[in-house]
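A.B. asks: Following this message is one structure expressed as structure tokens.
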Amino acid sequence: MTRWEPNARGRLELAALELYGERGYDQTTVAEIAKRAGLTERTFFRHFADKREVLFYGAGMLQDWLVKGIEDAPAALPPIDAIGASLEAVAGQLEERREMATRRMVIVTATPELQERELIKLANLSAALAGALRGRGVADPGASLAAEAGVAVFRVAFQRWVGKDGGNRNGEQTLAQLIRDSLAELKSVTAGK
């Protein structure tokens, strides 16, 4: 093995997804992931704290993008629309990772430990969005309610995007379209239509 390994993080992520899909999350070891990627365990731990973090390392970046999107949204937008604009902006960043996201969702859904970690990620996202809304002058409980609703819109749209509920067969809709649709549906049901 050479000392410098190009795209080690990406190779480790791909190796982990392959092994988790083949053998299951619980039955896969860090040593096996590193070996499949053609790297060492030491290299694995330079990039990830544990085998679970392979599936969640992008959560901080996603949170930063969403908060920035809210901060950059026009001041006149209502809170839920600021969140919607931020979600749509981030959707473009995620679009190229659809296959990986689909594989990841299958693994997370099949593993209770990972489901719990996913819920923690979503709770952290909601707290960050609420904080960004408060930074725009939105008082609580409105900021918290809008943030929770925004996370729900994202979760439903994301699940449809990766095909978990069959609502996006053959990938005919982009994540941004599904976010718009989900937000419109939320507004419709809350308006009593």
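What follows draws every value from the coordinates through simple rules; no lab data is involved. As the structure is a computational prediction, the values presented were derived from the model and not from experiment. Positions of Cβ are generated from backbone atoms using ideal geometry, with glycine treated the same way; all protein chains shown enter the neighbour counts.
A.B. asks: Using only alpha carbon pairs under 8 Å that are at least six residues apart, calculate the relative contact order of segment 8-54 and give it in whole percent. The partial results should precede the final answer.
C.D. replies: Working: 40 pairs, mean separation 19.9, N = 47.
Rounded, it is 42 percent for segment 8-54.
A.B. asks: For segment 37-45, in order, what is each residue's ³J(HN,Hα) by Karplus, 6.51 cos²θ - 1.76 cosθ + 1.60 with θ = phi - 60°, in whole Hz (x at glycine and Pro)?
C.D. replies: Along segment 37-45, the couplings run 7, x, 10, 9, 4, 4, 5, 3, 6 Hz.
A.B. asks: Beta carbons within 10 angstrom, averaged per residue: use that to sort the peptides 186-192, 64-70, 149-155, 23-29, highest first. Don't skip to the end; give the middle numbers.
C.D. replies: On the way: 186-192: 10.4, 64-70: 18.6, 149-155: 21.6, 23-29: 14.1.
Ranked from most to least packed, the peptides come out as 149-155, 64-70, 23-29, 186-192.
A.B. asks: Which whole-number percent is the relative contact order of the chain (Cα, under 8 Å, 6+ apart)?
C.D. replies: Values: 186 pairs, mean separation 36.5, N = 193.
Normalised by residue count, the contact order of the chain is 19 percent.
A.B. asks: In square nanometres and to one decimal, what's the mean projected area of the convex hull around the Cα atoms of segment 44-193?
C.D. replies: Numbers: hull surface 39.3 nm².
Averaging across all directions leaves 9.8 nm² for the Cα convex hull.
A.B. asks: What is the fewest-to-most order of L94, L77 by other Cβ atoms lying within 10 Å of their Cβ? Mind showing how you got there, number by number?
C.D. replies: Values: L94 18, L77 15.
Taking fewest neighbouring Cβ atoms as first place, the list is L77, L94.
A.B. asks: Sticking with the crude label model, points 7 Å out along Cα→Cβ, report the distance from A127 to F45 in nm, one decimal please.
C.D. replies: 2.8 nm
A.B. asks: To continue, here is another question. For a quick protection proxy, order the peptides 137-147, 12-22 by their average other-Cβ count within 10 Å, most packed first. Please report the intermediate quantities before stating the final value.
C.D. replies: Values: 137-147: 16.1, 12-22: 20.0.
Per-residue Cβ counts within 10 Å, averaged per peptide and sorted highest first, yield 12-22, 137-147.
A.B. asks: What's the percent breakdown of Cα-Cα distances in segment 8-54 across 10 Å bins, shortest bin first?
C.D. replies: Each 10 Å bin holds this share of Cα pairs: 33, 62, 5.
A.B. asks: Run lengths n ≥ 4 of DSSP H only: what is the helix-derived mean residue ellipticity at 222 nm for the chain, with -39500 (n - 2.57) per run over all residues, to the nearest 500?
C.D. replies: On the way: 9 runs with 133 residues, N = 193.
Mean residue ellipticity, 222 nm, calculated: -22500 deg cm²/dmol.
A.B. asks: Just to be sure I follow the rule: in the chain, considering lysines 8 or more places apart or on different chains, how many pairs have Cα atoms under 21 Å apart?
C.D. replies: Numbers: K35/K51; K51/K121; K68/K121; K121/K164.
Total qualifying Lys-Lys pairs in the chain comes to 4.
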